[in-house]
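Chemist: Take this structure first; my questions come after.
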Amino acid sequence: MAYEYDNENIFAKILRGEIPNTTVLETEHCLALQDIYPQAPQHVLVIPKGAYVCFDHFALEASEAEIVDFTRVIGKVAQMLGVQPGKDGAGYRLLSNAGTDGVQEVPHLHVHLVAGRNLGRMLNPAS
């Protein structure tokens, strides 16, 4: 499959410095930022700096350095927020939407790290 990346998506604009953000952590390959519409007390987006549409695109085409950095940034953000499991009431959810059925709104890979309260079930069985 050929992935078509839209250079005008909001994350591309943020990465180019055209739109401000509240940075949580930045590395050579990734940016972690506060979500502007948080769905929980803690809601951070982690995005690669490369032009990847969704997770499978990233997994298939990103360099090993990009993949390792992305994974480590997610771990560092969880650590920074103090939400690693094992602490009293701690935990978090990672979510990444892909494509139409996944209700992906921005065509740039991003992972939501949400935490700070009980998040309930992720999906309910289809009726």
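Please treat every number below as a calculation from the coordinates, not as lab data. The model shown is predicted, which means the values in this text are computed figures rather than measured ones. With ideal geometry, Cβ positions are generated from the backbone for all residues, glycine too; neighbour counts draw on all protein chains shown.
Chemist: Any idea which of (1) within 18 Å of I10 (Cα to Cα); (2) more than 14 Å from the chain's Cα centre (by Cα); (3) not aromatic (F, W, Y) is the one N97 doesn't satisfy?
Modeler: Status for N97: all satisfied but (2).
Okay, residues lined up against (1) surrounded by fewer than 17 Cβ atoms within 10 Å (Cβ to Cβ); (2) part of a loop (DSSP other than H, G, I, E, B); (3) basic (K, R):
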site: N7; (1), (2), (3): yes, yes, no
site: F11; (1), (2), (3): no, no, no
site: E18; (1), (2), (3): yes, yes, no
site: V24; (1), (2), (3): no, no, no
site: P38; (1), (2), (3): yes, yes, no
site: I47; (1), (2), (3): no, no, no
site: T71; (1), (2), (3): yes, no, no
site: V77; (1), (2), (3): no, no, no
site: L94; (1), (2), (3): yes, no, no
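Chemist: For the range 50-68, give me the residue count where each residue is surrounded by fewer than 18 Cβ atoms within 10 Å (Cβ to Cβ) and in contact with a His (Cβ under 7 Å, 6 or more places away or on another chain).
Modeler: 1
Chemist: Specify which of the listed residues (E4, E28) is touching a residue at least 40 places away in the same chain (Cβ under 8 Å), among the acidic types (D, E) and more than 22 Å from V103 (Cβ to Cβ).
Modeler: Matching residue, one of E4, E28: E28.
Chemist: Further question on the same structure: Looking at (1) in a loop (DSSP other than H, G, I, E, B); (2) loosely packed, with under 14 Cβ neighbours inside 10 Å, find the lone condition where V106 falls short.
Modeler: The single condition V106 does not satisfy is (2).
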